[in-house]
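Structure, as C-alpha cells:
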Amino acid sequence: MMWYDGGWGWGGWFFMAVFMVLFWALVIAAIVALVRYFSGAHHDRQSGCSASTSEPGSRRAEDLLAERFARGEIDEDEYRRRLALLREHR
C-alpha cells in the first residue's frame, strides 16, 4: 500500500483543524447577527429622537419637560426656567 506524503505532515492536520474552528465560529456569528437583526434589536437604536438634533438625550429631555408642563405638573415659569437650563448645557 502506498501513502501520499505531500510534505505537510502533522502540520496539515493542525492547520485544517484551526481553519475548521474559524469557519464554524464565523458561521455561528453570522447566524447570531441575522437573528439579532431580524428580531428587531436594531430598531432600538434608531428610535427615540429625530436626526436633526445633535445630541440624542437633549431632545428627549425637552419632550419630557413639555409633557410635564402639558399635564400641569409644573407651571409656566418653571417650564421656561428648566427649558433654558437644558438648552444652555447642550
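The values are calculated or read from the model by the stated rules, or taken from the named source; none is laboratory data. Just so you know, these numbers come straight off a predicted model, no measurement behind them. As a convention, Cβ positions derive from the backbone with ideal geometry for all residues, glycine included, and neighbour counts pool all protein chains shown. Heads up: the accessible areas ignore ligands, DNA and RNA and are worked out on the full protein's heavy atoms, side chains in. Shrake-Rupley method; radii C 1.70, N 1.55, O 1.52, S 1.80 Å.
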Completion exercise
Counted residues in the range 33-53 being surrounded by 10 or more Cβ atoms within 10 Å (Cβ to Cβ) and either modelled with pLDDT of 50 or more or of a type in the set (Val, Ile, Thr) (or both) come to 8
Handout entry: Scope the range 70-84; condition assigned to a helix (DSSP H, G or I) and open to solvent by less than 80 Å² (accessible area, probe 1.4 Å); matching residues
Key = GLU78, TYR79, LEU83, ALA84
